[in-house]
C-alpha cells in the first residue's frame, strides 16, 4: 500500500531493480514495461494484467533482435483496482528486464 501513496503523491513510481514504471496523469494510470521476451514466453503472463481492471489502451513494440519488447498500457483512474497494484507489479517483475546499473555498463 505504500507504493500507492507514493504513486499518488509524486505521480511516478519506478521499480528499483526492474524496468517497470507506473505514471499517473489526471485521468489515467500508465505502465511502461521492458520485457524479456524469452521469460515472457516461458512464464506466459497475460498482458495487460486483468486483475488491475479494464485496460483502455495498450501497445507492444518488439525490438529488432526479438530479445526484448517495450510494453505500454493505460487504465482509466476511476476503474483501477488499486489494491492489486503491488501484486501486479510483482507478477510483472517475473518478465521485466533487470535494470543495468552504470557500473555494469563499463568494462575494465
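Any read-out appearing in this document is the output of simple, stated calculations on the displayed coordinates, not a laboratory observation. Given the structure is predicted, the values throughout are model-derived calculations rather than measurements. Here Cβ is always computed from backbone atoms with ideal geometry, including for glycine, and neighbour counts include all displayed protein chains.
When both the range 45-73 and the range 1-30 are represented by their alpha-carbon centers, they are found 17 Å apart. The rule of thumb for compact globular proteins, 2.2 N^0.38 Å, goes into the C-alpha radius of gyration of the range 2-92 1.06 times. The calculated 222 nm mean residue ellipticity attributable to helices in the chain amounts to -6000 deg cm²/dmol, summing -39500 (n - 2.57) over DSSP H runs of n ≥ 4 and dividing by all residues. The GNM of the chain, with springs linking C-alpha atoms under 10 angstrom apart, assigns the highest mean-square fluctuation among 43, 34, 20 to 43.
With a simple spin-label model that places each label point 7 Å from the Cα along the Cα-to-Cβ direction, the separation between residue 58 and residue 77 comes to 2.3 nm.
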